[in-house]
Amino acid sequence: MKRIALLLAGALLLTACAAAQPRDTRVTLEFFQFKPEAVETFDKIIKDFEAAHPRVDVVQNHSPTAESAIRARLVKDDIPDVIALNGNSVFGELASAGVFYDFARAPIAADVSPSIQRILDDLGTHRPGERNGLPFASNGNGVIYNKDLFARHGLSPPTRWSEVVAAARRLGAAGVTPFYATLADAWTTLPAFNALAGNVPAPGFFARRTAGKTTFAAEYPQVAAKLRELFGYGQRDRFSRTYEDGNQAFAQGKAAMYLQGSFALPAIATYEPDFEIGTFALPATENPADTRLVSGVDVALTLPREPEHPEESMAFLAYLLRPEVMTAYAREQRAVPPVENPPSDDPALAGLMPYFAAGRLTGYADHHIPLTIPLDQLLQQFLIDGDQAALLRDLDREWDKVAARRS
């Protein structure tokens, strides 16, 4: 009995000592993000956040195959605490499935530009009125141009489609390649396609197509014809040049224009061009007032539907969404902060900023086309063979096949 009493006394003493020790209240968050070029930038942001929140550790998990990785983890119910994904069709599908948080009433959503938020919401939400992600960085999908070559040939950024054609012809006649094209990579057909598809058909095309009220054959002939004309002003070897070839060639002054979005600017800068770079929104009609800049949410932030650490996760998200943090990120990554009247001191983006300030934006058309439709390959083949009827017929056939599987 004496031995049992001693053991009980020892146990009570250990319990008392344990109770006297402060509990470890540290929380570790996993920040899952997809951009390899932004790892160091996010490391700096995390370091500053942790300094202000000493009981929260944030571990950055960069995945080069983020979309497939996040799908696999969702199947296992292993969702990261804070998630950064590209605002594309995959994000829309996941949001629609109800796996992401609803920020509709969250105070941190108040400073986001409504026009940019709308682009993200249009990709898909779990229920009408929900916000299942918040924009962190935006891009502009226009035309990148060599300001020195434009000045040398007496050109200004065109504001009408006829002016695009006239500029291309003037440059070609002077021995200058109007557009550097990189059609060995099928996806590089998409920036020009999106600029045209976002401005030529009447707004709401995809809603009408989903409802069976229209077709690509009915509303996309001009998109296809103008796409072919644009790439017709490319260099002779355009079908054997890659995106990396194009970045280097444009930086070396081998063409006056480049059909790429602002996301290409950092890659071009690595080749240290010795001329001033500018951008403009591609006009697709003869009315400048109708031109809308195609813009996408380059980085969308979200949380799981039911966060494991809601207070800490929301605190980190709120820190990321501070205007000064978004602006600093945008400056490093040549992006646009998704706030109203976004600040930008990047001269290369000056031609696009008025569209952000005025909210004259539209989303990427290809983000509304199911990934099972090989859009880039269809466009690449069309630019090789010029068969417009086949392109439009194939788009409608592939769309109808997807619709039949979903019904």
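Once C-alpha pairs closer than 8 Å and six or more residues apart are averaged by separation and normalised to the residue number of the chain, the relative contact order reads 24 percent. Counting 0.36 nm for each residue step from Arg169 to Arg105 and taking away their Cα separation leaves a gain of 17.8 nm. Label-to-label distance for Glu93 and Ala389 is 3.3 nm, based on points extended 7 Å past Cα in the beta-carbon direction. Proximity of backbone amide H atoms, modeled 1.01 Å from N, is registered between Val294 and Asn141, Thr362 at under 5 Å, excluding neighbours fewer than 5 places apart on the same chain.
Length gained on full extension, Ser63 to Ala207, computed as 0.36 nm times the residue gap minus the Cα-Cα distance: 48.6 nm. For Thr362, the shell of other residues with beta-carbons less than 10 Å away shows a net charge of +2, using +1 for Lys and Arg and -1 for Asp and Glu. Each of Lys47, Lys147 has some number of other Cβ atoms within 10 Å of its Cβ, and from fewest to most they run Lys47, Lys147. Electrostatic tally near Phe32: other residues with Cβ closer than 13 Å to its Cβ, Lys and Arg +1, Asp and Glu -1, net -1.
Within the shell defined by Cβ-Cβ distances under 14 Å, the residues around Arg170 carry a net charge of +1, with Lys and Arg each +1 and Asp and Glu each -1. Here the Karplus relation 6.51 cos²θ - 1.76 cosθ + 1.60, evaluated at θ = phi - 60°, turns the backbone of the stretch 123-136 into coupling constants of 6, x, 9, 5, 9, x, x, 7, 10, 9, x, 10, x, 10 Hz, with x for every Gly and Pro. To test your reading of the geometry: what angle, between 0 and 90 degrees and rounded to tens, separates the Cα axis of helix 375-385 from the longest principal axis of the chain? Between helix and principal axis, roughly 20 degrees.
Computed from the Cβ-Cβ distance with R0 of 30 Å, the FRET efficiency linking Arg118 to Glu244 stands at 0.35. Computed from the C-beta positions of Gln377 and Ser407, the FRET efficiency with R₀ = 25 Å rounds to 0.50.
Against the compact-protein benchmark of 2.2 N^0.38 Å, the Cα-based radius of gyration of the chain scales to 1.17. Helical runs assigned H by DSSP (4 residues or longer) give the chain a calculated mean residue ellipticity at 222 nm of -13000 deg cm²/dmol, each run adding -39500 (n - 2.57) before division by the residue total. Packing, taken as the mean count of other beta carbons within 10 Å per residue, orders the peptides 257-267, 98-108, 67-77, 310-320 from highest to lowest as 257-267, 310-320, 98-108, 67-77. By DSSP, the beta bridges lying fully in the chain are antiparallel in about 60 percent of cases. For the chain, the longest principal axis of the Cα atoms and the long axis of helix 66-75 meet at an angle of about 40 degrees. Close Lys pairs in the chain (alpha-carbon distance under 19 Å; sequence gap of 8 or more, or different chains): 4. Taken along the Cα-to-beta-carbon direction at a fixed 7 Å, the label points for Glu324 and Glu308 span 3.2 nm. Helix 221-232 sits at what angle to the longest principal axis of the chain, using alpha carbons and giving 0 to 90 degrees rounded to 10? Approximately 80 degrees, to the nearest ten. The gain in end-to-end length when the Ala357 to Asp400 segment is fully stretched comes to 11.7 nm, 0.36 nm per residue minus the alpha carbon separation.
In the stretch 35-169, a dipole from Cβ-located charges (positive for Lys and Arg, negative for Asp and Glu) runs towards its positive end, and of Ala84, Thr41, Val112 it is Val112 whose Cα lies farthest in that direction.
We did not get these values from a lab; they are worked out from the coordinates using the rules stated. Model, not experiment: these values are computed from the prediction. Here Cβ is always computed from backbone atoms with ideal geometry, including for glycine, and neighbour counts include all displayed protein chains.
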